[in-house]
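Reviewing the structure listed below.
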Amino acid sequence: MNKIYIISGPAGVGKSTTSKGLAEQFDHSAYIEGDLINHMVVGGYLPPWKSEELLSLIWENIADLSINFIQANKNVIIDYVAFPEDVEKFSQKIHDDVKNVEIIYVVLWVNSDELLRRDALRIKEHQMGARCLELVEEFESEGIDKRFFYNTTYLQPSDLDEIFLNISENPSFKY
């Protein structure tokens with residue numbers, strides 16, 4: 001059975017590093033970077049947190065790509081900010097087209113000081129600053145089941161193999 005991993009969390013938490021590394025763990029995988037799909041819209045672009053219409057379009061495209069990759073026998077790793085309502089709509093669309101797939105939802109988490117430290121390490125044009133903390137507040141206000149959170153505050157890049165193993169083996173992340 002192929003799996004779709006949705007790696008979420010606030011900006012700067014390590015979604016891209018974790019997602020890319022996780023994708024490399026599989027012989028057959030595809031990596032979907034939600035921000036790339038988001039930036040395909042040029043004319044009339046608004047940040048997804050300011051346009052429900054654009055956010056919906058992004059998730060429709062992520063779902064369609066995921067279906068294509070699953071049908072090609074790939075595990076799919078999605079790197080994007082995903083709240084439970086996004087995951088639920090995505091899951092419904094996926095299961096309408098593909099029956100034999102498991103969805104894994106992980107919200108990477110770090111304390112606020114560590115989040116800002118990690119964000120400051122990013123190249124200047126990718127730094128999110130205050131938006132990181134806004135996303136922390138949004139995740140906290142969503143009432144997300146705690147089983148989906150994976151706190152990596154005290155983990156280092158040398159712990160990535162442990163992180164990949166935990167994400168791929170931990171049954172609590174199954175959606």
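The values are calculated or read from the model by the stated rules, or taken from the named source; none is laboratory data. All of these numbers come straight from a predicted model, not from anything done at the bench. Cβ coordinates were reconstructed from backbone atoms using ideal geometry, including for glycine residues, and neighbour counts include every protein chain displayed. Protein only, heavy atoms only, side chains kept; ligands, DNA and RNA dropped before computing areas. Shrake-Rupley method; radii C 1.70, N 1.55, O 1.52, S 1.80 Å.
For region 117-132, state whether one or more residues are over 14 Å from VAL13 (Cα atoms), open to solvent by less than 90 Å² (accessible area, probe 1.4 Å) and either in contact (Cβ under 8 Å) with a residue 60 or more places away in the chain or touching a strand residue (DSSP E or B) at 6+ places or on another chain (Cβ under 6 Å) (or both). Walk me through how you get there before you give the answer.
First pass over region 117-132, keeping only residues over 14 Å from VAL13 (Cα atoms): 123-125.
Right, trim to open to solvent by less than 90 Å² (accessible area, probe 1.4 Å) and you get none.
Looking through region 117-132, none of the residues is over 14 Å from VAL13 (Cα atoms), open to solvent by less than 90 Å² (accessible area, probe 1.4 Å) and either in contact (Cβ under 8 Å) with a residue 60 or more places away in the chain or touching a strand residue (DSSP E or B) at 6+ places or on another chain (Cβ under 6 Å) (or both).
With the requirement that a residue be farther than 20 Å from VAL81 by Cβ, in contact (Cβ under 8 Å) with a residue 12 or more places away in the chain, surrounded by 12 or more Cβ atoms within 10 Å (Cβ to Cβ) and of a type outside the set (Phe, Trp, Tyr), what does region 133-169 give you? Correct list: LEU160, ASN166, SER168. What number of residues within region 145-167 are modelled with pLDDT of 95 or more and either among the small types (Gly, Ala, Ser) or touching a Pro at 6+ places or on another chain (Cβ under 6 Å) (or both)? Selection size over region 145-167: 0.
If only residues of region 62-86 that are of a type in the set (A, V, I, L, M) and farther than 14 Å from ILE103 by Cα are counted, the one that is surrounded by the fewest Cβ atoms within 10 Å (Cβ to Cβ) is ALA72.
Among the criteria (1) open to solvent by less than 10 Å² (accessible area, probe 1.4 Å); (2) closer than 27 Å to GLU114 by Cα, the one ILE94 does not fulfil is (2).
Are any of the residues in region 98-111 part of a helix (DSSP H, G or I), open to solvent by 10 Å² or more (accessible area, probe 1.4 Å) and at pLDDT below 95? No, region 98-111 has no match at all.
For region 11-25, a residue qualifies if it is in a loop (DSSP other than H, G, I, E, B), at pLDDT 95 or above and either open to solvent by less than 10 Å² (accessible area, probe 1.4 Å) or not polar (S, T, N, Q) (or both), and exactly one does: GLU24.
I'd like the residue in region 26-41 that is among the hydrophobic types (A, V, I, L, M, F, W, C) and part of a helix (DSSP H, G or I) and, out of all such residues, is nearest to GLN92 (Cα to Cα).
ILE37
Going through region 15-34 one residue at a time, which ones are touching a residue at least 12 places away in the same chain (Cβ under 8 Å) and over 10 Å from the mean Cα position of the chain (by Cα)?
Applying the first criterion (touching a residue at least 12 places away in the same chain (Cβ under 8 Å)) to region 15-34 yields 15-23, 25-26, 28-34.
Across region 15-34, the qualifying residues are THR17, LYS20, GLY21, LEU22, ALA23, GLN25, PHE26, HIS28, SER29, ALA30, TYR31.
Among residues of region 90-116 that are closer than 18 Å to LYS74 by Cα, those with a beta-carbon under 7 Å from a residue that is of a type in the set (A, V, I, L, M) and at pLDDT below 95 at least six positions away or on a different chain give the pairs ASN100/MET1; VAL101/MET1; GLU102/MET1. Residues that are assigned to a loop (DSSP other than H, G, I, E, B), on the phi < 0 side of the Ramachandran plot and loosely packed, with under 15 Cβ neighbours inside 10 Å within region 42-61 comprise VAL42, GLY43, TYR45, LEU46, PRO47, listed in sequence order.
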